[in-house]
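Worksheet: the structure to be examined is printed underneath.
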Amino acid sequence: MPGNFVQRLLISDLVVSGFVESTLPSEMRTINGIKIDTNSAHFRVDRVFQGEPNDNFQFTWFALHVDGAESTAYAGPPLASFQSGKRYLIFLKKDKSSWVVAIPMYALEAELAPELPPSSVSDFSRLLPEQRYEAIAEELERAALLVPAPPPGVTGEAAVYFPEVFDLIGACGEPFYRQFLSSPSPELRADAFRWLDLIRARHMICTAGFATLK
């Protein structure tokens, strides 16, 4: 599992955003004694961040197989899970003549806001890395800001996007974190403050010209 969000781009042949239009179960395989389900998803692209543009295609993803009442104990990173009608940022590799998730099983994908950002740019694949990172960070920021406030005692789903934004744009994400300092959740406020404190502790400055979300 890549430790840094940017590493997800480095290991991928294609990075795009868009909607999963449908999913289909494929077949069960046994790999190293573990039963795995291979699934197919039909994907409609709306933005390209890396790789050759393509309006829509099919890709393969994997899940642990559960046979009837049998349950599989698992402890590790989140597993991939795609739902029809949702918009995602996905990371894929070319496998012969088809597309497959860049790392089997693990959830590299990020769920995004259903509406695209107010930008006419749909193909970032030939732009500078910094421009691509900024655009992806904006997508993640928008998704985080749409997450409802969590129940008492937990940080909530919005905080999942905090390290990802930091990996992509560093100190330029400061305005994004500050928006959560007024959250009704003390846990979410504390986590946002932790990232702001990290920026200050490292004496990081936003010098790359990133336009952070307002």
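Every number here is computed from the coordinates shown, using simple stated rules; none is lab data. Keep in mind the model is a prediction, meaning the values are calculated, not measured. Methodologically, a virtual Cβ is constructed for each residue, glycine included, from the backbone with ideal geometry; neighbour enumeration extends over all protein chains shown.
Overview of values
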read-out: Given 12 as the ceiling on other Cβ atoms within 10 Å, longest exposed-site-free region of the chain for GluC sites (Glu not before Pro) in DSSP loops; value: 116-214
read-out: Nearest-0.05 FRET efficiency for Ala63 and Val154, computed from C-beta distance (R0 41 Å); value: 0.95
read-out: Estimated distance in nm for a label pair at Glu187 and His203, the labels positioned 7 Å out from Cα along Cα-to-Cβ; value: 3.6
read-out: Inter-probe distance in nm under a simple model that places probes 7 Å from Cα toward Cβ, at Ser120 and Thr23; value: 3.7
read-out: Per-residue Cβ neighbour rank within 10 angstrom, fewest leading, Ile103, Ile34, Ile136; value: Ile34, Ile103, Ile136
read-out: Loop trypsin sites (Lys or Arg not before Pro), the range 100-197 (other Cβ atoms within 10 Å of the site Cβ: 10 or fewer; DSSP); value: Arg126
read-out: Cα centre as origin, Lys/Arg/Asp/Glu Cβ charges: the chain dipole, Debye; value: 320
read-out: Estimated D of the chain in µm² per second, where Rh is the Kirkwood radius over Cα pairs and Stokes-Einstein applies at 25 °C, 0.890 mPa s; value: 133
read-out: Dimensionless Rg/Rh of the range 1-125 - Kirkwood Rh, Rg from C-alpha atoms; value: 0.98
read-out: Rel. contact order, % - alpha carbon contacts under 8 angstrom, at least six apart, the range 127-214; value: 34
read-out: Translational D in µm²/s for the range 127-214 (Stokes-Einstein at 4 °C, 1.567 mPa s, Kirkwood Rh from C-alpha pairs); value: 99
read-out: Separation of alpha-carbon centers, the range 141-214 and the range 105-132, rounded to whole Å; value: 18
read-out: Sequence-separation-based contact order of the range 1-125, relative, with Cα cut under 8 Å and 6+ spacing, percent; value: 29
read-out: Neighbour-count ranking [beta-carbon atoms within 10 angstrom, fewest first] of Phe91, Phe82; value: Phe82, Phe91
read-out: FRET efficiency estimate (nearest 0.05) - Cβ-Cβ, Arg178 to Val6, R0 25 angstrom; value: 0.65
